[in-house]
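All remarks here apply to the structure that follows.
Derivation of every value follows stated rules applied to the coordinates shown; laboratory data play no part. This is a predicted model, so every value here is computed, not measured. With ideal geometry, Cβ positions are generated from the backbone for all residues, glycine too; neighbour counts draw on all protein chains shown.
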Amino acid sequence: MIYFDNSATTKPYPEVIESFVKVSSEFFGNPSSLHGIGAQAEKLLTKARNQIAELLDIRGSEVYFTSGGTEGNNLAIKGAAFANSGKGKHIITTEIEHASVFDACDYLKNNGFDITYLPVNRNGKIQLADLVRAIRKETILVSAMHVNNETGAIQPITEIGKLLSAYPNILFHVDHVQGVGKVPLDIKKSGIDLCTISGHKFHGLKGNGVLFIKDGTNISPLFSGGSQESKKRSGTENVAGAVALAKALRITMENQKTGLEKLKAIRQMLWEGLEAFEGIEINSPVEGAPHILNFSIPGLKSEVFVHALEEDGIFVSTTSACSSKKKSPSRTVMAMFGNLERAESIIRISLSYQNELQEAKRVVKMVRNTVNNLQKVMR
Amino acid sequence: MEFDHIIIRYGEISTKKRNRKGFVDKLKANIRRVLEEFENAKLSASRDRMYILLNGEDHKEILNLLKGVFGIQSLSPALKIDRDIEELKNAVLFYFNQLSRQVATFKITAKRADKDFPYNTDELNHILGGHLLKNTEGITVDVKNPDFNLRVEVRKEAVYLTGEVIQGAGGLPLGSSGKAMLMLSGGIDSPVAGFLSMKRGLEIECIHFYSPPFTSERSRQKAVDLAGKLAEVSGKIKLHIVPFTDIQLLIQKQIPENYTMTTTRRMMLKVADKIMEKQQGMAIITGESLGQVASQTLNSMYAINEVTNTPVLRPLIAMDKLDIIELARGYDTLEISNRPYEDCCTVFTPATPKTKPRRDKVSFYESFVDFDELVNEAVNKVETITINHKQQKDLGASDEMEDLF
Ligand SMILES: Cc1ncc(COP(=O)(O)O)c(C=O)c1O
């Protein structure tokens, strides 16, 4: 089996599952309980928080545990909007955000906020000049993803942050779900106020995420309740999940040190093997993230293609996992190229440090075979 | 381009004539400890400066760590360049671009120890200054009072570039002033008192009073975590945890309520005094600030201090609470201190403690009770743990917990 769908989700590390099981069975206490079992659970939660803070080069008090990327993005965007609507009701985001950002903004639009969606160029990047033009007196939030989940396009987060530092009323949120562990981001130096990550994208478990909230940032909670996570995210803490996430992040960051070159080599091999083949158009920018390669086979139904590859034990996806069942064209590819046929026929290959070079070799061969076969059948 | 060495200047020690060698040796040892993880870095000393030869180690990381070492006045990173004018020009620009703060004006001070070099100092100042002006924006030359004075030193073997002066932590080298015991509650003040004492060269050990079941494991953990913060300065630190329940119960039973707090403080001081003697310290440090609470009025201190003639150092005595909080934030202890658990001082605080207790009265009340035996017992049952900065992140976690991460 060749699993090339790591941007949809990754396979949890066995060590991560081990920790999750052990914490769940042996340290099951509620961190808020006064007794020793509670204190032990609290200790684990604190340790997890500190380890994550150290790995991301932020403070422990800035780590807020959530249920994943979707919640993190919703909490950041709606929370910032509701807490700061007194200062203004204008929000800037991009045309290529993940649904959990895009639709959160849409929700705010229906609730009295004004949203500007920045376009991207053929490399999937926004233009800083567009951003400057979009900023108004009543702008309170800019939300931009670091690595795009469909194409791997990387936004100039540090430059955006520098630019925004001149506007003290504007909070800066970054969806870093696809970037963490693959494309380095210095949260502090980039002037970021809010930053989302999700455990299952780096071999942690589904249902665990972290939202970085810079100390002193004003956001409203989405949940009312027992005041956990400094009142910003009520609900009994998922201690086992927090520990699992801390471990997954540590292992991933270690792999990043040694594995990044391999990842780039695999992508390079795929790129060269596919680019040369007639009938394939590559959508990812050359300077994109090292783990995502997106291409179109205009004229072929991508769903059919995915299933055909699956018969050979190769797992890839059409568009982002959440929209693949809706059969809609890729919003990102549409925004980059404005070509419907291209946006309707996309295939995404996404890698992790567990993939190997010879897998890429095989995939290139099988993709070519499959395209040839399908083109015969469909014509 | 790589940095070659870091210059370390020590201000106040240079003026302390007699103890100079002791001071410098302590400072050297403290710097060596910081450098431990940088295998290639070498420390050497001359009369009033030290040098760290980097041998490829990251100068930024080392500078950052050195900024926390007490006894250092200032630091400057230096470049070593081949004797080639083009390389020198590049190096000047490189040095300028990596400055940690913005500057508006500069000057160049060239020195030529080796007269064979084809350019004299005026020519060097001119060429290098011109190169900087051409390749940067918004800076001008000011030879009288520049923000940044770039020093260029031409020697036989190479040319050295330096000039950025980074402020050090100041104070005296840790351990150069002797040893004292810090009474560490879980509050905001005592850790700050600890940092300020270390800044003046004191080596410290911490004493924490623990009264289970009236205070929880978590409040003890607070003290451990705070001591861990102090250990970041000293590498490691001792924490003496005193079982204090029996003494507190006896006080509650035998002493009139409005004097229980005064007696409690006196007993703590007695215990601390005995631990200090064992550990061969010479002072006790507290986080008291005049008038902050009932036990910190002058009357209270007068009544409490009676039990010892050991110097009781109170670095915060004249500080306002808000200033102390600011310091605690800077030392990164505020968050730990603000955790909401009871400590032994809060649980037994009487409703109306005396703000003006009298020495004669408190002695009179205590004269009917035999505290000595319990005091000795408490001292004998002290649990001493050594907190190592390197392991400190894993504080209190068992090995079994360790594997989970
Ligand atoms: C860029 C991006 N943001 C957010 C999410 C949502 O994360 P989660 O699945 O943890 O809710 C995903 C993954 O689907 C993503 O790729």
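What does the range B:166-225 give for Rg and for Dmax, in Å, if only its C-alpha atoms count?
14.0, 49
Enumerate the amide H contacts of A:Asp5 below 5 Å, restricted to partners 5 or more residues apart or on another chain; note that Pro and chain-start residues carry no placed amide H.
A:Ser350
May I ask you to list the GluC sites (Glu not before Pro) in the range B:257-314 that are in a DSSP loop and have at most 15 other Cβ atoms within 10 Å of their Cβ?
Here the sparse-neighbourhood loop sites are B:Glu306.
At q = 0.06, 0.07, 0.09, 0.10 Å⁻¹, what base-10 log of I(q)/I(0) does the Debye formula yield for chain B when every alpha carbon is treated as an equal point scatterer in vacuo?
Summing over Cα pairs of chain B leads to -0.35, -0.46, -0.67, -0.77.
Using DSSP, restrict attention to beta bridges with both residues in the range A:14-251 and report what percent are antiparallel, rounded to the nearest 5.
40 percent
What list of whole percents do you get for P(r) of the range B:129-243, with Cα-Cα distances grouped in 5 Å bins up to the one holding the largest distance?
All Cα pairs, binned at 5 Å, distribute as 2, 9, 15, 13, 9, 7, 6, 7, 8, 8, 7, 4, 3, 1, 0 percent.
Let me know the mean shielding of A:36-45 by other chains, meaning the per-residue number of their Cβ atoms within 10 Å of its Cβ.
3
Computed FRET efficiency, Cβ-Cβ of B:Glu153 and B:Glu335, R0 30 Å: what is it to the nearest 0.05?
0.10
Remind me, relative contact order of the range B:254-405 in percent, using alpha carbon pairs under 8 angstrom and six or more residues apart?
So the answer I get is 32 percent.
What order do you get for B:158-164, A:14-20 when each peptide is scored by the mean count of other beta carbon atoms within 10 Å, highest first?
B:158-164, A:14-20
Would you please classify the overall shape of the protein assembly as shown from the alpha carbon gyration tensor, given that a ≥ b ≥ c denote the square roots of the eigenvalues, rounded means a/c under 1.5, and beyond that prolate means a/b larger than b/c while oblate covers the rest?
Oblate, because a/c is 1.5 or more while a/b does not exceed b/c.
When the Cα atoms of the range B:179-396 are enclosed in a convex hull and the volume is divided per residue, what value in Å³ results?
Taking only Cα atoms, the range B:179-396 has a hull volume of 112 Å³ per residue.
Quick check on the range B:5-167: of the DSSP beta bridges with both residues there, what percent are antiparallel, nearest 5%?
Close to 70 percent.
By average Cβ neighbour count within 10 Å, what is the ranking of A:201-211, A:135-145 from highest down?
Per-residue mean Cβ counts within 10 Å order the peptides as A:201-211, A:135-145.
Count the DSSP beta bridges whose two residues both fall in the protein assembly as shown, then state the antiparallel fraction as a percent rounded to the nearest 5.
In the protein assembly as shown, DSSP labels about 55 percent of beta bridges as antiparallel.
Is it possible to state the helix-based mean residue ellipticity at 222 nm for chain B, with each DSSP H run of 4+ residues giving -39500 (n - 2.57), the sum divided by total residues, to the nearest 500 deg cm²/dmol? What is it?
-12000 deg cm²/dmol
Roughly what angle does helix A:357-378 make with the longest principal axis of chain A, taking Cα atoms, 0 to 90 degrees, to the nearest 10?
60 degrees
Can you find, among A:Asn283, A:Gly112, A:Ala360, the residue sitting farthest towards the positive end of the charge dipole of chain A, where Lys and Arg contribute +1 and Asp and Glu -1 at Cβ?
Final value for the positive-end residue is A:Gly112.
Rounded, prolate or oblate: which fits the range B:99-175 when a ≥ b ≥ c are the square roots of the eigenvalues of the alpha-carbon gyration tensor, with rounded for a/c under 1.5 and prolate only if a/b beats b/c?
Since a/c reaches 1.5 but b/c is at least a/b, the shape of the range B:99-175 is classed as oblate.
Using only alpha carbon pairs under 8 Å that are at least six residues apart, calculate the relative contact order of the range A:251-341 and give it in whole percent.
Here the relative contact order equals 17 percent.
If you take the alpha carbon radius of gyration of the range B:179-258 and divide it by 2.2 N^0.38 Å, what ratio comes out, to two decimals?
After normalising by residue count via 2.2 N^0.38 Å, the value is 1.22.
On each of the three principal axes of the Cα atoms of the range A:226-379, give max minus min coordinate, whole Å, ordered largest first.
Dimensions of the range A:226-379 along the principal axes of its Cα atoms: 61, 35, 30 Å.
Simple spin-label model, 7 Å along Cα-to-Cβ: A:Ile282 to B:Ile317 in nm?
7.4 nm
Which of the peptides A:192-199, B:166-173 is most tightly packed, and how do the rest follow, going by the mean number of other Cβ atoms within 10 Å of each residue?
Taking the mean over residues of other Cβ atoms within 10 Å, the ranking is A:192-199, B:166-173.
Using the eigenvalues of the Cα gyration tensor, what equivalent ellipsoid semi-axes result for the range B:5-167 when each is taken as the square root of five times the eigenvalue, whole Å, largest first?
Equivalent ellipsoid semi-axes, largest first: 30, 17, 16 Å.
Is there a simple number for the mean count of other chain Cβ atoms within 10 Å of the Cβ of residues in B:217-226, and what is it?
For peptide B:217-226, the averaged partner shielding equals 2.
Can you give me the distance in nm between label points at B:Asn305 and B:Asn145, each placed 7 Å from the Cα along the Cα-to-Cβ direction?
For the pair B:Asn305/B:Asn145, the computed spacing is 4.4 nm.
Restricting to DSSP H runs of at least four residues, report the calculated mean residue ellipticity at 222 nm for chain A, -39500 (n - 2.57) per run over all residues, nearest 500 deg cm²/dmol.
-13500 deg cm²/dmol
In peptide B:290-298, what is the residue-averaged number of other protein chain Cβ atoms found within 10 Å of each Cβ?
0
Listing B:Phe364, A:Phe102, A:Phe172 from the residue with the fewest other Cβ atoms within 10 Å to the one with the most, what is the order?
B:Phe364, A:Phe102, A:Phe172
Just to verify a number: FRET efficiency for B:Ile85 and A:Ala83, C-beta to C-beta distance, R0 = 45 Å, to 0.05?
0.20
Tilt of helix B:217-234 relative to the longest C-alpha principal axis of chain B, in degrees (0 to 90, nearest 10)?
For B:217-234 against chain B, the angle is about 30 degrees.
I need the shape label for the range A:175-227. Rule: rounded when a/c is under 1.5, else prolate if a/b > b/c, else oblate, with a, b, c from the alpha carbon gyration tensor.
Oblate.
What FRET efficiency would be calculated for the residue pair A:Met1, B:Glu123, taking the C-beta separation as r and a Förster radius of 60 Å, to the nearest 0.05?
0.25
Compute the relative contact order of chain A as a whole-number percentage, counting only Cα pairs closer than 8 Å that sit 6 or more residues apart in sequence.
Relative contact order for chain A comes out at 23 percent.
At 0.692 mPa s and 37 °C, plugging the Kirkwood radius over alpha-carbon pairs of the range A:14-251 into Stokes-Einstein gives what diffusion coefficient in µm²/s?
Roughly 181 µm²/s, to the nearest whole number.
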